[in-house]
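Reading through the C-alpha cells given below for one structure.
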Amino acid sequence: MWRPTRPIVLTALLTAAGAADAECLGSLQAPLRDVEGMIHSLRSDPELPSRMVGQDGASYESLRVHWMQQQLELIEDACRRGHEVEATWRVEALQRELEAGAATPVKPERPLHRHRAGLLAASGK
C-alpha cells in the first residue's frame, strides 16, 4: 500500500484539541495520517479534467475527492465532539474509498462522437 512521502503533522490539531479530541486522534492518528496524505497528494489529471490521480496511479472522480475532503473535516469535527466511533467509521470509509480507487487505474476515455461513429459503421447505417 502506498504511504505518503511527506509526513502530515497533526500537532496543531492535538494542541488545539481538548482531552476527548486527543484521545480520539490518539487511536486514529496513524490511519488518519495515511488517508490525509493520500487525499492531499491527489492532483488533477491534465488529460481528463474530471479525474484526479494519486502518486501511485490511482484514479478518482473529482466529486469523490471532494467527498473525501469533506469526510476529513467531519472526522476532525467528530473528534472535537468526542465521537470516536463516528471518526473511526469515517476513517474506515475513506480507506475503503482509497483502496477502490487504487484498483481503478487511469484509462483514457474515448470521445462520444468516435464511439457513436463506430456503432453506426458496425450497424451499416
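Read-outs: derived from the displayed coordinates by stated rules, not from any lab. Because the structure is predicted, anything quoted here is derived from the model rather than measured. Backbone-built Cβ (ideal geometry, glycine too); neighbour counts: all protein chains shown.
Return the sequence-ordered ³J(HN,Hα) values of region 26-41 in whole Hz as given by the Karplus equation 6.51 cos²θ - 1.76 cosθ + 1.60 applied to θ = phi - 60°, using x for Gly and Pro.
Working through the residues one at a time gives x, 7, 9, 4, 5, x, 5, 4, 5, 5, 4, x, 5, 5, 6, 8 Hz.
What is the distance, in nm, between label points placed 7 Å from the Cα along the Cα-to-Cβ direction at residue 47 and at residue 30?
With each label point 7 Å from Cα toward Cβ, the separation is 3.7 nm.
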